[in-house]
Amino acid sequence: MPPTMSVTSPTGVLFEDDLAATETKESTPINFEFKAKIVWRNVILFAYLHLAALYGLFLMLTSAKLLTVIWAFILFQGGGLGITAGAHRLWSHRSYKAKWPLRLILIVLNTLAFQNSAYEWSRDHRVHHKYSETDADPHNAKRGFFFSHIGWLLCRKHPSVKEKGKGIDLSDLEADPLLMFQKKYYIPLMVIACFVVPTVVPIYCWDESFTCSWFVATLFRYAFTLNATWLVNSAAHFWGNKPYDKGINPAQNQGVAMVALGEGWHNYHHVFPWDYKTAELGNYRANITTAFIDFFAWLGWAYDLKTVPKSMIERRVKRTGDGTHEIWGWNDKDMSEEDRREAEIIAKKE
Ligand code: ST9
Ligand code: ZN
Ligand code: ZN
């Protein structure tokens, strides 16, 4: 740790995990003085959102109508798909192509999720992959669980994020009129899709109270979707096995995959980010987003789906995996002594 580095936040407590980030390959030059600046507006808004969501959970269990709960679940799935199939697999990674009707569906669902415009989301996400777990990573997990989960949205970005982010090619996003339309009119579109429609539908369609509608279908559902997403940045960067590359922190986390519509297979995803499944296997139960894309591929609206040849995965698993892969792991019962020796020799050479 270089002695000249200052990493205290204005409060002196929240961001002390910054110390770890200084040891990474892409970290800021050693004489750089960095102080994370807290954005109190965001702290207050997120505190309200989470308290209101807890009240929403209480109402959901005690007085909301069943239809309202079903509506909240549909909105969670819909908004979630706008993030996973839209912002993530389509726009950030270009892991498949989509015809305009599907892109239109995805942009509506994406706006419902309110996680910033798909353009901004994809820009941050491309930076996250390219500079993973360095100062230039917007939610650098080396700064701790809290920072990677929500803390990064409560303070100004590290200057490296903006500096390195400038080098990311976003011309494909800028050439998409739907994305640019969403970006231009983001505030009114987001207010309508994330807050107004979800609240108004239960009131008019099945006579729900405003209170239940607002706290359950809107605020609880929104906070739940956000936390499910953030777990990919936090939990899936901390806990799980690493069958594909043991040298990185992103891990396979089944719990996160279940709640984040198939986005918890994060060791695989950081190794092969272009795979439209974001996982090796297309297990629909733990990867609803893959089922969604496959359905639209069957319809002809999604095409050019990209994946990874099995032989390439096998080579990588044997070369850099932690031995927990269910087929090619060191401890697999079907692996012969000869295979094991060969794999260990390759791994040692690397
Ligand atoms: C939210 C996003 O929650 C969640 C993303 C999660 C990602 C997860 C990924 C995991 C994989 C996928 C899993 C999906 C699972 C889904 C499951 C679903 C069930 N490059 O940002 P600003 C420049 S959002 C290049 O304001 P500050 C640029 O010039 C929640 N340049 O920085 C920019 O200007 P412009 C709702 C960059 O001032 C300027 O800097 N939203 C980059 O430091 C200013 O940018 C909120 O709560 C870059 N990467 O403020 C809003 N970044 O944009 C919260 C910036 O005009 N955000 N620049 O080009 C904010 O208030 C602010 O962004 C801030 C930082 C305070 C956090
Ligand atoms: Zn990640
Ligand atoms: Zn990704």
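The values are calculated or read from the model by the stated rules, or taken from the named source; none is laboratory data. On a predicted model such as this, the values are computed, not experimentally measured, just so you know. For neighbour counting, all protein chains shown are included, and Cβ atoms are generated from backbone atoms with ideal geometry for every residue, glycine included. Areas reflect the complete protein model, heavy atoms only, side chains present, ligands, DNA and RNA absent. Shrake-Rupley method; radii C 1.70, N 1.55, O 1.52, S 1.80 Å.
Of all residues in region 264-280 being open to solvent by 10 Å² or more (accessible area, probe 1.4 Å) and more than 21 Å from residue 142 (Cβ to Cβ), which is nearest to ligand 2 (Cβ to nearest atom)?
Taking region 264-280 and keeping what is open to solvent by 10 Å² or more (accessible area, probe 1.4 Å), we get 265, 270-271, 273-274, 276-277, 280.
This time we only want the ones that are more than 21 Å from residue 142 (Cβ to Cβ), so: 265, 274, 276-277, 280.
Working: 265: 11, 274: 15, 276: 17, 277: 16, 280: 17 Å.
Applying the filter and picking the extreme gives 265.
Go through region 91-116 residue by residue and tally those that are over 24 Å from residue 201 (Cβ atoms) and buried (at least 24 other Cβ atoms within 10 Å of the Cβ).
Number of matching residues: 1.
Any residue in region 178-200 that's β-branched (Val, Ile, Thr): show its pairings with residues that are open to solvent by less than 40 Å² (accessible area, probe 1.4 Å) at Cβ separation under 6 Å, as long as the two are six or more apart or on different chains.
199/213; 199/218
Output the number of residues of region 106-132 satisfying the condition of being basic (Lys, Arg) and out of contact with any helix residue (DSSP H, G or I) (no Cβ under 7 Å at 6 or more places or on another chain).
Here is the first cut: in region 106-132, the residues basic (Lys, Arg) are 123, 126, 130.
Keeping just the survivors that are out of contact with any helix residue (DSSP H, G or I) (no Cβ under 7 Å at 6 or more places or on another chain) gives 130.
Adding up the residues that qualify gives 1.
Just one of 238, 215, 210 is touching a residue at least 12 places away in the same chain (Cβ under 8 Å), away from ligand 1 (no atom under 14 Å from the Cβ) and farther than 22 Å from residue 87 by Cβ; which is it? Outline the logic, then answer.
Values: 238 fails: away from ligand 1 (no atom under 14 Å from the Cβ); 210 fails: touching a residue at least 12 places away in the same chain (Cβ under 8 Å).
None of the others qualify; the one that does is 215.
Could you please find all residues in region 135-161 being within 19 Å of the chain's Cα centre (by Cα) and assigned to a helix (DSSP H, G or I)?
Correct list: 141, 142, 143, 145, 146, 147, 148, 149, 151, 152, 153, 161.
For region 241-255, state whether one or more residues are touching a helix residue (DSSP H, G or I) at 6+ places or on another chain (Cβ under 9 Å), assigned to a loop (DSSP other than H, G, I, E, B), at pLDDT below 95 and not small (Gly, Ala, Ser). Outline the logic, then answer.
We begin by selecting, within region 241-255, every residue touching a helix residue (DSSP H, G or I) at 6+ places or on another chain (Cβ under 9 Å); these are 241-255.
Remaining after also requiring assigned to a loop (DSSP other than H, G, I, E, B): 242-251, 253.
Keeping just the survivors that are at pLDDT below 95 gives none.
Looking through region 241-255, none of the residues is touching a helix residue (DSSP H, G or I) at 6+ places or on another chain (Cβ under 9 Å), assigned to a loop (DSSP other than H, G, I, E, B), at pLDDT below 95 and not small (Gly, Ala, Ser).
Go through (1) within 14 Å of ligand 3 (Cβ to nearest atom); (2) outside any helix (DSSP H, G or I); (3) without any contact (Cβ under 8 Å) to a residue 60 or more places away in the chain and name the single condition residue 90 misses.
It fails just one condition, (2).
Within region 208-216, does at least one residue satisfy the condition of being touching a helix residue (DSSP H, G or I) at 6+ places or on another chain (Cβ under 6 Å), among the acidic types (Asp, Glu) and either within 16 Å of ligand 2 (Cβ to nearest atom) or open to solvent by 10 Å² or more (accessible area, probe 1.4 Å) (or both)?
Yes - at least one qualifying residue is present in region 208-216.
Going residue by residue through region 117-128, is there one that turns out to be away from ligand 3 (no atom under 16 Å from the Cβ) and not acidic (Asp, Glu)?
Our first condition is that a residue be away from ligand 3 (no atom under 16 Å from the Cβ); within region 117-128, this holds for 117.
The next check asks that each one be not acidic (Asp, Glu); those that pass are 117.
Taking every residue of region 117-128 in turn, at least one turns out to be away from ligand 3 (no atom under 16 Å from the Cβ) and not acidic (Asp, Glu).
Hey, could you check region 83-109 for residues that are touching a Ser or Thr at 6+ places or on another chain (Cβ under 7 Å) and among the small types (Gly, Ala, Ser) and say which is farthest from residue 194 (Cα to Cα)?
Residues of region 83-109 touching a Ser or Thr at 6+ places or on another chain (Cβ under 7 Å): 83-85, 87, 89, 91-92.
From what is left, the residues that are among the small types (Gly, Ala, Ser) are 85, 87, 92.
Details: 85: 18, 87: 16, 92: 22 Å.
By that ranking, first place goes to 92.
Looking at region 293-320 only, could you name the residues that are touching a Leu at 6+ places or on another chain (Cβ under 9 Å), in a helix (DSSP H, G or I) and open to solvent by 60 Å² or more (accessible area, probe 1.4 Å)?
So the first thing to find is which residues in region 293-320 are touching a Leu at 6+ places or on another chain (Cβ under 9 Å), and the list is 293-294, 296-297, 299, 301-302.
Narrowing the set further to residues that are in a helix (DSSP H, G or I) leaves 293-294, 296-297, 299.
Hit for region 293-320 is 299, nothing else.
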